[in-house]
Amino acid sequence: MAPTSFLSRRRLLLLAAPAALAACGFELRKAPNFAFSTVYVGGAESPLLTELRRSIAASGAVQVVPVERAQVILDVPLDQREKVVVALNSTGQVREFQLRTRVKFRLRTAQGKELIPETELLQQRDISFNESAVLAKEGEENLLYRDMQTDIVQQLMRRLAAIKAL
């Protein structure tokens, strides 16, 4: 096989890859489009609500405002973290926990029309436990809770973006 033939085939393949991606509909994720321009996020103060407000504001399309100026009201009556024992060893010591983050929310217009009825989102992760590495496991637990919180905020953002009309 001639070296020029090999190089031309290689160039052809390199040019075909972006064309194939464009043809399949691949597109980078964009900021969501919302059917509203202002929102009030209500609930007991928590790290999840803080991250949710930041994500909404960072989208650029929606402002988080006081309740009297909001087009829609996002109520978050429950933001709960749970830690449940899943496994014990033969001596009765804990070997594994299940961490859960449970959030309930609903979305309504300022006039009271319900756009999303009360919905519950649940994330859970399993974590092993070792008495000799308590501080490390505590750090891992915090990271897992933060990861679950970010997942829930992203799910909430997608659900808010799915609203088409007020």
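Any read-out appearing in this document is the output of simple, stated calculations on the displayed coordinates, not a laboratory observation. Remember, predicted model here, so these are calculated numbers, not experimental data. FYI the Cβ positions are ideal-geometry reconstructions off the backbone, even for glycines, and counts take in every protein chain you see.
Here the residues 86, 64, ranked from fewest to most Cβ neighbours within 10 Å of their Cβ, fall in the order 86, 64. Summing charges over neighbours of residue 166, with a neighbour being any other residue whose Cβ is under 13 Å away from its Cβ, gives +2 when K and R count +1 and D and E count -1. Among rounded, prolate and oblate, which fits the chain when a ≥ b ≥ c are the square roots of the eigenvalues of its C-alpha gyration tensor, a/c under 1.5 means rounded, and a/b larger than b/c means prolate? Because a/c hits 1.5 or more and a/b fails to exceed b/c, the chain counts as oblate. Per residue, the chain reaches -12500 deg cm²/dmol at 222 nm when only DSSP H runs of four or more residues are counted, each adding -39500 (n - 2.57).
Derived scalar couplings between HN and Hα for the range 5-12 equal 5, 5, 5, 5, 5, 5, 4, 4 Hz in order, rounded to whole Hz, by the Karplus curve 6.51 cos²θ - 1.76 cosθ + 1.60 (θ = phi - 60°), x for Gly and Pro. Put in order of Cβ neighbour count within 10 Å, fewest first, the listed residues 76, 85 become 85, 76.
Taking amide H positions as modeled 1.01 Å from N, with prolines and chain starts lacking one, the residues under 5 Å from residue 78 and 5 or more places away or on another chain are 104.
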